[in-house]
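Down below is the structure, laid out as structure tokens.
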Amino acid sequence: MREKPWRQAVWDWRAGIQFSCGGTGTGLLLFTAVVSFQNPLWLTYMGWLALAIISLGLASVWIKLGQRWRALYVILNPRTSWMSREALLSLPLLGLAVVGLLWLSAPLALVAALFGLGFLFAQAQMLKAARGIPVWREPLIVPLLLVTGLAEGAGLLLASTAVFGPLTRWLPATLFVLLILRLWVWTAYRRKLQQPGAAPAQAAAALTKVNNVVVWLGHALPLAVLLIVPLVPPGSPLLGALAPVALIVGLATLVTGWALKFTIITRAAYNQGFALAHTPARTPGYSGPGTKPGW
């Protein structure tokens, strides 16, 4: 029997894809629906991409199952299971999204995106409910996954402007606020798990390893660039030159969000192992101090 914490192997890279695509796709669908009130053609460009990303996330877990059609049983327990709630919310999310995209209906796409937010919330609660994995059960995992998904969606939509042309100027400002929130929640989440007794040493080390990428590539670089955008006058020729910059900012936001989630779901997912409140001693009535190997 292993007494030190070991990394779980049940949820692997396919679970990482599920959570990454779930956040990115729902965030992208939400912001695409909002901008499509001004131009419904954005549903044609980015709405179908958002739907494809969400579907890829759902399929990534389904392909892991041995008897795949038994996955339908997941919808039978919504009263107590966040996985059942996630599955049930995916039905109106996908159905309304398809109809809204076919009809180029911004209101229907927005309603689908609202179901998507519920879907994303259920995903985050699934991790929080996994009590045996310290980096998952931390309550800050819920706001972290929510704000990360929204930032990824806004970032991917901003990156698309390098191909499809500029959007309203509120999108960079929205992404700026989301990045500030994501950095704040990530920092608080990581600090809590670095406290003594909060997580196994190997889990905390995995979070530390990815921290520089998250902070500098995923936040410092995009935030510095986004600060320049308001300084460019409306109608200036420089706005066209900002297209490659938008691509860099959007992709940096997306890639680091996925790196963050893959680290939490796979590399840092150590269980809590075993602990002894007191170590045994040969002398009756005496015992040694407790021990918690690997913490």
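Throughout, read-outs are computed from the coordinates displayed, never taken from laboratory work. All values derive from a computational prediction rather than experimental measurement. In this analysis, Cβ positions are derived from the backbone assuming ideal geometry, glycine residues included, and neighbour counts consider all displayed protein chains.
A few remarks follow.
- Across the stretch 13-267, C-alpha contacts under 8 Å between residues 6 or more apart give a mean separation that, scaled by the residue count, equals a relative contact order of 24 percent.
- q = 0.11, 0.15, 0.17 Å⁻¹: log10 I(q)/I(0) that the Debye formula gives for the stretch 13-267, counting C-alpha atoms only: -0.60, -1.06, -1.28
- Contact order relative to length of the stretch 115-211, as percent, for alpha carbon pairs under 8 angstrom and 6 or more apart: 27
- Burial ranking of peptide ranges 254-264, 36-46 (average Cβ count within 10 Å, highest at the top): 254-264, 36-46
- Stretch gain in nm, segment residue 188-residue 129, where the contour uses 0.36 nm per residue and the Cα spacing is subtracted: 19.3 nm
- Extension gain for residue 211 to residue 80 (0.36 nm times residue separation, less C-alpha to C-alpha distance): 43.7 nm.
- The simple spin-label model puts a point 7 Å past each Cα toward its Cβ; for residue 177 and residue 198 those points are separated by 2.8 nm.
- Treating r as the C-beta distance of residue 221 and residue 56 and R0 as 25 Å, the FRET efficiency rounds to 0.40.
- Expressed as a whole percent, the proportion of Cα-Cα pairs in the stretch 1-40 lying more than 13 Å apart is 67%.
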